[in-house]
1. Could you pull out the residue among PHE36, PHE87, PHE99, PHE103 that is farther than 30 Å from VAL155 by Cα, at pLDDT 80 or above and among the aromatic types (Phe, Trp, Tyr)?
2. Test each condition in (1) at negative phi; (2) free of Cβ contacts under 8 Å to residues at least 12 places away in the same chain for ASP80 and report the one that comes out false.
3. If you take the residues in the stretch 195-250 that are among the hydroxyl-bearing types (Ser, Thr, Tyr) and at pLDDT below 90, which one is surrounded by the fewest Cβ atoms within 10 Å (Cβ to Cβ)?
4. Hey, can you tell me all the residues within the stretch 251-273 that are in contact (Cβ under 8 Å) with a residue 60 or more places away in the chain, surrounded by 17 or more Cβ atoms within 10 Å (Cβ to Cβ) and over 23 Å from PRO164 (Cβ atoms)?
5. Of the residues VAL158, VAL122, only one is of a type in the set (A, V, I, L, M, F, W, C) and within 24 Å of GLU238 (Cβ to Cβ); which?
6. How many residues does the stretch 82-121 hold that are of a type in the set (Gly, Ala, Ser), out of contact with any Leu (no Cβ under 7 Å at 6 or more places or on another chain) and under 18 Å from VAL170 (Cα atoms)?
7. Kindly provide the set of residues from the stretch 205-237 that are in contact with a Leu (Cβ under 6 Å, 6 or more places away or on another chain) and in contact (Cβ under 8 Å) with a residue 60 or more places away in the chain, ordered by number.
8. Only one of (1) in contact with a helix residue (DSSP H, G or I) (Cβ under 9 Å, 6 or more places away or on another chain); (2) among the charged types (D, E, K, R); (3) at negative phi is not met by ARG193, so which one is it?
Amino acid sequence: MRLPANAAPRAGWASPARLRPLAALTGPRRFLAATFTIVDLEARKLRHDPTDILTRAVQPALWLLLFGEVFTHVRGIPTDDRPYLDFMTPGILAQSVLFIAIFYGISTIWERDLGIVHKFLVSPAPRGALVLGKALAAGLRGLAQAAIVYVLALVLGVHLNWHPLALLGVVALVLTGAALFATFSLIIACLVRTRERFMGIGQVLTMPLFFASNAIYPIAIMPAWLQVLSHLNPLTYEVDGLRALMLAGETSAYGLGFDALVLLGVTVVLVAVGAALYPRLGT
């Protein structure tokens with residue numbers, strides 16, 4: 001199986017030496033500066049390997065072109081008066097972001113093997129900033145996926161909402177969703193600490209998270225036990241918010257404010273847990 005392109009960073013791209021000037025800062029300024037330094041370091045990997053974005057475009061294209069087109073004509077899934085392709089497009093965007101983010105933690109295992117994690121840990125950067133920076137960096141890749149899905153949706157005739165505030169809302173939800181699952185991924189990496197175990201767990205988690213959500217079918221048609229799991233799944237609220245913002249004339253089932261609150265709340269908790277566990281990688 002091909003590992004994600006961001007899995008094996010070169011030490012020169014993520015030099016912890018850039019964190020040394022943070023010693024002169026204190027409090028929130030140090031935290032913010034460290035966070036955005038990590039984001040910049042991670043973004044350099046993407047600039048050095050832009051082909052990763054193109055290869056990852058294949059997956060949403062296949063889902064929209066094959067699965068979406070087929071089920072639009074079959075009409076086997078109730079979506080009220082909205083075409084099924086419209087209904088599933090936000091779910092495929094959320095799926096693409098999930099698949100990128102859930103394997104993001106493997107890069108920290110590579111960084112440990114390269115000795116980069118040890119240098120991060122002795123730097124003046126707060127642990128929470130190290131984790132949050134990596135989480136936000138995953139969001140950059142998520143935004144690239146969003147652009148690809150929007151282009152595909154436009155070509156396929158999906159009825160999109162182009163209001164500037166709606167587009168900003170999509171950006172915010174993609175960043176938050178990517179940060180949430182990337183931090184979850186980092187926590188798994190801190191616990192299992194080997195690439196082989198991480199890849200196995202990542203494979204096990206992605207499909208249940210995707211199918212136990214409202215990404216490709218309404219919650220109302222699920223069995224009762226799956227509905228319970230869906231309401232506990234953060235991906236459900238990401239899809240709900242994206243569906244309300246991306247599609248013209250669509251509304252949120254839970255309210256955009258509630259969707260955002262769930263995603264932000266879970267992300268904050270996971271960042272705190274990740275910050276506590278991150279030093280384990282250095283031992």
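1. Values: PHE87 fails: farther than 30 Å from VAL155 by Cα; PHE99 fails: farther than 30 Å from VAL155 by Cα; PHE103 fails: farther than 30 Å from VAL155 by Cα.
From the options PHE36, PHE87, PHE99, PHE103, the qualifying one is PHE36.
2. Result: ASP80 fails condition (1) only.
3. So the residue we want is THR206.
4. VAL266, THR267, LEU270, VAL271
5. Residue meeting the stated conditions: VAL158.
6. Looking only at that region, the number is 3.
7. Residues satisfying the conditions are LEU209, SER213, LEU235.
8. (3)
The values are calculated or read from the model by the stated rules, or taken from the named source; none is laboratory data. Since this is a predicted model, take the numbers as computed values, not measurements. Don't worry about glycine lacking a Cβ; one is built from the backbone with ideal geometry, like all the others, and counts go over all protein chains shown.
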